[in-house]
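The values are calculated or read from the model by the stated rules, or taken from the named source; none is laboratory data. In this text the structure is predicted, and so the values were computed from the model without any measurement. So basically every Cβ, Gly included, is an ideal-geometry build from the backbone, and we count neighbours across all protein chains shown.
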């Protein structure tokens, strides 16, 4: 018998804001696991709302699906994660989030300076990138993805 603490896939979709197909995708990746009824219908634990909510938030923060899968794999199955469970995840992803925050701050600062000068070209900018020094340091937006200074 399926306990009363389960949700249909439609109810889970309604609670999380995800589409049914997105929940099936996450299920196929192991982020949530359905319990099957005698009629082979999917039922999900109420705690899966938290798992999927974490996945949605983590994706918005820039974590990869692989990182999200790895973190959710550390949570217990069959019961709602405790505060301690979530705290352990928080400690593990904090460094990744701090790096992303630092890059966002660098990007904000660099865009203000670069767009403000009006040339919009790191190849020809005599003020911000004289003689294309950034190009010699390697490909990509060097002053943003690294902590290099112009």
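Among the residues of the range 41-63, those identified as assigned to a loop (DSSP other than H, G, I, E, B), out of contact with any helix residue (DSSP H, G or I) (no Cβ under 7 Å at 6 or more places or on another chain) and under 18 Å from residue 18 (Cα atoms) are 46, 47.
Selection of the range 76-85 for residues being part of a helix (DSSP H, G or I) and surrounded by 15 or more Cβ atoms within 10 Å (Cβ to Cβ) yields only 85.
Conditions tested, residue by residue: (1) buried (at least 19 other Cβ atoms within 10 Å of the Cβ); (2) closer than 20 Å to residue 73 by Cβ; (3) touching a strand residue (DSSP E or B) at 6+ places or on another chain (Cβ under 6 Å).
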position: 14; (1), (2), (3): no, no, no
position: 21; (1), (2), (3): no, no, no
position: 25; (1), (2), (3): no, yes, no
position: 33; (1), (2), (3): no, yes, no
position: 38; (1), (2), (3): no, no, no
position: 43; (1), (2), (3): no, no, yes
position: 55; (1), (2), (3): yes, yes, no
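Just one residue in the set 94, 88, 108 is more than 15 Å from residue 26 (Cα to Cα), at pLDDT below 90, out of contact with any strand residue (DSSP E or B) (no Cβ under 9 Å at 6 or more places or on another chain) and part of a helix (DSSP H, G or I); that residue is 108. Candidates in the range 64-75 are the residues that are free of Cβ contacts under 8 Å to residues at least 12 places away in the same chain and either part of a helix (DSSP H, G or I) or more than 15 Å from the chain's Cα centre (by Cα) (or both); of these, the one that is surrounded by the most Cβ atoms within 10 Å (Cβ to Cβ) is 70.
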